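Engineer: The structure is given below, and queries will be raised subsequently.
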Amino acid sequence: MLAPIRLQLSQDLPLPNFRTVKHVPFTPREMFDVVADVERYPEFLPLCEGLVVTQRAAGEGGVAELTATMTVGYKAITERFTTHVTLDPDAGLIRVRHRDGPFTHLENTWRFEAAGAGCDVNFAIDYAFRSAMLQLIVGAAFDKAVRSYTEAFEARARTLYGARAGA
C-alpha cells in the first residue's frame, strides 16, 4: 500500500504575486471610484460570486475603512474570505489586507496617478493559500483572474463613463 502524499508549501518560497501598471483614459478619481465600489464586484469581476460589506468607518482626512467578505467560485469550489480595505481618495490609494479565509496572506494595493489624458493604474497583489491542495486546484484560475483585474476594472469604467480615446 502506498503512503498518501502530503503537500505542504514551504515558508521559504516566495509568495505568488502580480504587479502591473496600465494606462487608461479615465481620471484617477473615476478609476478610484470604480475600484472602491466593492458592492458591484459580483457584476463584473472574474470569480467573484458575491460581496458583503460588514463594517464601514469614516476616518480622518476623507480616508474610509471597511471590512468586506467576498465569495469566490471556481467550478465546484466556493470560498469566502474577509478583508480590511482602506480607501484614501485624496492619495488615490486603496489598500486591501487579509482578515480571514482560505489565505495565509493576501495584500493588494491600487494606486491611481494622473498621466497624460488619463491615469496610470498601479496594481500589486501578494497572496498565499492556506491549503496546498486549494493552491493546486484553484491557484492557476485565481492567478489568471488576478491578472485580468485591471482589464475588468477598465471595462467597468467604460460601462459607467463611456468609451474614451487615448488609452
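The values are calculated or read from the model by the stated rules, or taken from the named source; none is laboratory data. Quick caveat, the model's predicted, so the values are computed rather than measured. When we count neighbours, we look across all protein chains shown, and the Cβ atoms used for this are built from the backbone with ideal geometry, even at glycine.
Engineer: Could you please tell me which pairs satisfy a Cβ distance under 9 Å, a separation of 6+ or placement on different chains, a first residue in the stretch 95-117 that is closer than 13 Å to Phe129 by Cα, and a second residue that is small (Gly, Ala, Ser)?
Structural biologist: Final answer for the pair search is Pro102/Ser131; Phe103/Ala128; Thr104/Ala128; His105/Ala128; Leu106/Ala128; Glu107/Ala124.
Engineer: While we're here: Please go through the stretch 24-48 and pick out each residue that is in a strand (DSSP E or B) and either at pLDDT 95 or above or more than 17 Å from Tyr149 (Cβ to Cβ) (or both).
Structural biologist: The answer is Val24, and nothing else.
Engineer: Please determine, by comparing only the residues of the stretch 35-47 that are of a type in the set (A, V, I, L, M, F, W, C) and closer than 19 Å to Gly92 by Cα, which one is surrounded by the fewest Cβ atoms within 10 Å (Cβ to Cβ).
Structural biologist: Ala36
Engineer: Also: Among the residues of the stretch 59-82, which ones are within 21 Å of Leu136 (Cα to Cα), in a strand (DSSP E or B) and not acidic (Asp, Glu)?
Structural biologist: Met70, Thr71, Val72, Gly73, Tyr74, Ile77, Thr78, Arg80, Phe81
Engineer: Next up: Mind listing whichever residues of the stretch 23-34 are more than 13 Å from Gly92 (Cβ to Cβ) and surrounded by fewer than 17 Cβ atoms within 10 Å (Cβ to Cβ)?
Structural biologist: Answer for the stretch 23-34, where residues must be more than 13 Å from Gly92 (Cβ to Cβ) and surrounded by fewer than 17 Cβ atoms within 10 Å (Cβ to Cβ): just His23.
Engineer: What residue, among those in the stretch 53-81 that are under 29 Å from Ser131 (Cβ atoms) and hydrophobic (A, V, I, L, M, F, W, C), is surrounded by the fewest Cβ atoms within 10 Å (Cβ to Cβ)?
Structural biologist: Per the stated criteria, the residue is Ala76.
Engineer: If you go through the stretch 76-89 one residue at a time, how many are without any contact (Cβ under 8 Å) to a residue 40 or more places away in the chain and of a type outside the set (Phe, Trp, Tyr)?
Structural biologist: Residues in the stretch 76-89 being without any contact (Cβ under 8 Å) to a residue 40 or more places away in the chain and of a type outside the set (Phe, Trp, Tyr): 8 in total.
Engineer: Go through the stretch 83-92 and give me each residue that's part of a strand (DSSP E or B) and surrounded by 18 or more Cβ atoms within 10 Å (Cβ to Cβ).
Structural biologist: Those that are part of a strand (DSSP E or B) and surrounded by 18 or more Cβ atoms within 10 Å (Cβ to Cβ): Thr83, Val85, Leu87, Asp88.
Engineer: A further question follows. Asp120 - would you say it is more than 15 Å from the chain's Cα centre (by Cα), at pLDDT 85 or above and loosely packed, with under 14 Cβ neighbours inside 10 Å?
Structural biologist: no
Engineer: His84 - would you say it is modelled with pLDDT under 95, of a type outside the set (Gly, Ala, Ser) and in contact with a strand residue (DSSP E or B) (Cβ under 6 Å, 6 or more places away or on another chain)?
Structural biologist: Considered against the rule, which asks whether it is modelled with pLDDT under 95, of a type outside the set (Gly, Ala, Ser) and in contact with a strand residue (DSSP E or B) (Cβ under 6 Å, 6 or more places away or on another chain), His84 comes out as no.
Engineer: What is the residue count in the stretch 108-161 for residues that are assigned to a helix (DSSP H, G or I) and closer than 17 Å to Pro89 by Cβ?
Structural biologist: Residues meeting the conditions: 4.
Engineer: Can you confirm whether Gly50 is within 18 Å of the chain's Cα centre (by Cα) and either under 20 Å from Arg111 (Cα atoms) or surrounded by 13 or more Cβ atoms within 10 Å (Cβ to Cβ) (or both)?
Structural biologist: For Gly50, the condition - within 18 Å of the chain's Cα centre (by Cα) and either under 20 Å from Arg111 (Cα atoms) or surrounded by 13 or more Cβ atoms within 10 Å (Cβ to Cβ) (or both) - is met.
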